[in-house]
Amino acid sequence: MAFRSTETTVTTTAVKIFEAQAGDVEIWVNCDPNATYYLGGSGVTTTDGLPMFGPSQQFRSQVRPGDELWAVSGGSVTVNVLARSA
């Protein structure tokens, strides 16, 4: 089992925060305190994305090869992703 972590600055333009490589991967997503950001596909916006509210709300998911996760915010937010592959 291998862990990998990344940190991405998310702003008002959607940015890819995770792209699965090979095999199933489990991910955890978290961000700066008191920050709000939105998760979705490449066209995610602050209107239609899944809202995440700072570190009190963490996103966890299983992703498959080729899956992508994008984020956007109303300002500048540091988003961290921890991934674990089998």
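The values are calculated or read from the model by the stated rules, or taken from the named source; none is laboratory data. All values reported here derive from a predicted model rather than from experimental measurement. Glycine gets a Cβ as well: all are built from the backbone with ideal geometry, and neighbour counts include every protein chain shown.
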- Task: Working only within region 43-72, note down all residues that are at pLDDT 95 or above and among the polar types (S, T, N, Q).
- Result: Thr45, Thr46, Thr47
- Filter region 53-86 for residues that are under 15 Å from Thr9 (Cβ atoms), in a loop (DSSP other than H, G, I, E, B) and either of a type outside the set (S, T, N, Q) or free of Cβ contacts under 8 Å to residues at least 12 places away in the same chain (or both) and give the result. Gly74, Gly75
- Note on the structure: Taking region 76-86 and keeping only residues that are under 12 Å from Cys31 (Cβ atoms) and loosely packed, with under 15 Cβ neighbours inside 10 Å, one is left with Ser76, Thr78
- Test result for Ser42, touching an Asp or Glu at 6+ places or on another chain (Cβ under 9 Å) and assigned to a loop (DSSP other than H, G, I, E, B): yes
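Yes/no matrix, rows are residues, columns are (1) part of a strand (DSSP E or B); (2) touching a helix residue (DSSP H, G or I) at 6+ places or on another chain (Cβ under 9 Å); (3) crowded, with 17+ Cβ neighbours inside 10 Å; (4) not acidic (Asp, Glu):
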| site | (1), (2), (3), (4) |
| --- | --- |
| Arg4 | yes, no, no, yes |
| Thr9 | yes, no, no, yes |
| Thr12 | no, no, no, yes |
| Gly23 | no, no, no, yes |
| Trp28 | yes, no, no, yes |
| Asn34 | no, yes, no, yes |
| Tyr38 | yes, no, yes, yes |
| Thr46 | no, no, no, yes |
| Pro51 | yes, no, no, yes |
- Message: I'd like the full set of residues that are hydroxyl-bearing (Ser, Thr, Tyr) and in contact with a Phe, Trp or Tyr (Cβ under 8 Å, 6 or more places away or on another chain), limited to region 47-84.
- Response: Ser73
- Message: Looking only at region 59-75, count every residue that is surrounded by 12 or more Cβ atoms within 10 Å (Cβ to Cβ) and under 18 Å from Thr6 (Cβ atoms) and tell me the total.
- Response: 10
- Message: Of the conditions (1) more than 12 Å from the chain's Cα centre (by Cα); (2) under 16 Å from Phe3 (Cβ atoms); (3) without any contact (Cβ under 8 Å) to a residue 40 or more places away in the chain, Thr45 satisfies every one except a single condition; which number is it?
- Response: (2)
